[in-house]
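Encoded as structure tokens, the structure appears first; notes follow it.
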Amino acid sequence: MKRVAIQGIAGSFHDIAAREYFDNEEIEIVPCETFSKVFQAMKSDSSLISLVAIENTIAGSLLQNHQLLKNSGLRIAGEHKLRIKHNLVALHGQELNEIKEVYSHPIALMQCGEFLNENKGIKAIEYDDTASSAKMISELNEKGKAAICGEEAASIYGLDILAKGIETNKRNFTRFLVLADPWLVEDLNRTRTPNKATLAFVLPHEEGSLAQILSILSYYKMNLTKIQSMPIIGHEWEYEFFIDLRFNNYLRYKQSLDAIEPLTKGLTILGEYAEGRQTL
């Protein structure tokens, strides 16, 4: 049985995404309080797989996870894109106008900003995780308090849904990466053909250095689907770049890497994998 480390507990969006990605497979979820603890668990047990959020269509990139991935030595085995649907949940028998406080992950609160602005009598309070918020409300058993979470968490922790689909933007998706030790990635991808890659590299602080890389990738017909820069600590105004490429021809992809490698420093292939499906 595959063991999958996630940030969060049963009913969290990480939990849902992991079960959707490993569809029709029996998996054991290893819950972790933080993303850092996910990577610590992976370091302690190389047989673990993890599923980690990397970007959201509203909140943007999770910069911390880019750096954790780069420093971990893990490799990307796949990806999954999950539609995020938020709900206001509370103890049975309550009405919306009775709610005084709502708890959830800060990103979830941000994504429901319009709903919270319309209900100014509700105080938003940051908590560890969406599902953890629901569990806390259930265990606290105190009226006037609510959580923002998914339907599955509400069901697991026996809470009523007072308001459904309260996210401001309905095109709210989170992209998750499936990570594993390099020796395990090949086994995980045995039946999948890669058409996507994630790279990391540093460029010299010189005029046109990034433009030159992008021109070469364009020449080789690489579809650049994401580019993310992060400052290099201790080297002011120098940046490390993370890019996602989609390709139809694996040979042309490898040729493009050969072409850009002399122009970069520390070019690293963080993963070659099949593009993930998107749930609606």
- Query: Beyond 34 Å, what percent of the Cα pairs of the chain remain?
  - Reply: 27
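Which percent, nearest 5, of DSSP beta bridges in the stretch 87-164 are antiparallel?
Given both bridge residues lie in the stretch 87-164, the antiparallel proportion sits at roughly 55 percent.
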- Query: Of all DSSP beta bridges in the chain, what percent run antiparallel (nearest 5)?
  - Reply: 75
- Message: Tell me the relative contact order for the chain as a rounded percent, counting alpha carbon contacts under 8 Å between residues six or more apart.
- Response: 23
- Query: Taking springs between alpha-carbon atoms closer than 10 angstrom, which of F39, F201, F173 fluctuates most in the Gaussian network model of the chain?
  - Reply: F201
- Item | Entries in K2/K123; K196/K265; K170/K265; K43/K265; K37/K135 that, when Cα-Cα distance is taken, lie over 31 Å | K2/K123; K170/K265
- Task: Label the stretch 202-280 by shape, choosing from rounded, prolate and oblate, from the square roots a ≥ b ≥ c of the eigenvalues of the Cα gyration tensor; if a/c is under 1.5 it is rounded, and otherwise prolate applies when a/b is larger than b/c, oblate when it is not.
- Result: oblate
- Task: Please list, in chain and number order, the residues 5+ apart from A5 or on another chain whose amide H is under 5 Å from its amide H, with Hs placed from the backbone.
- Result: V30, I49, S50, L51
- Message: Using the alpha carbons of the stretch 52-125, what is the convex hull volume per residue in cubic angstrom, as a whole number?
- Response: 124
- Message: Straight-line reach only, C-alpha to C-alpha below 16 angstrom: list the lysines that K120 could link to, leaving out same-chain residues fewer than 8 apart.
- Response: K100, K145
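Compute the Cα gyration tensor for the stretch 1-51, then decide on rounded, prolate or oblate, letting a ≥ b ≥ c be the square roots of its eigenvalues: rounded whenever a/c is under 1.5, prolate when a/b is larger than b/c in the other cases, and oblate in all that remain.
Oblate, since a/c reaches 1.5 and b/c is not below a/b.
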- Ellipticity estimate at 222 nm from DSSP helix runs (n ≥ 4, -39,500 (n - 2.57)) divided over the chain, nearest 500: -8500 deg cm²/dmol
- Message: For a distance above 15 Å, tell me the whole-number percent of Cα pairs in the stretch 160-255 that qualify.
- Response: 74
- Query: Gaussian network model of the chain, Cα springs within a sub-10 Å range: biggest mean-square fluctuation belongs to which of N249, N24, N141?
  - Reply: N24
- Note on the structure: Relative contact order as a percentage, the stretch 14-84, C-alpha pairs under 8 Å and 6+ apart, gives 33
- Pick from L179, L251, L96: which is most flexible by mean-square fluctuation in a GNM of the chain where alpha carbon atoms under 10 Å apart are linked? L251
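The numbers here are math on the coordinates, done by the rules we state, and not lab data. Keep in mind that what you see is a predicted model, and the values were worked out from it rather than measured.
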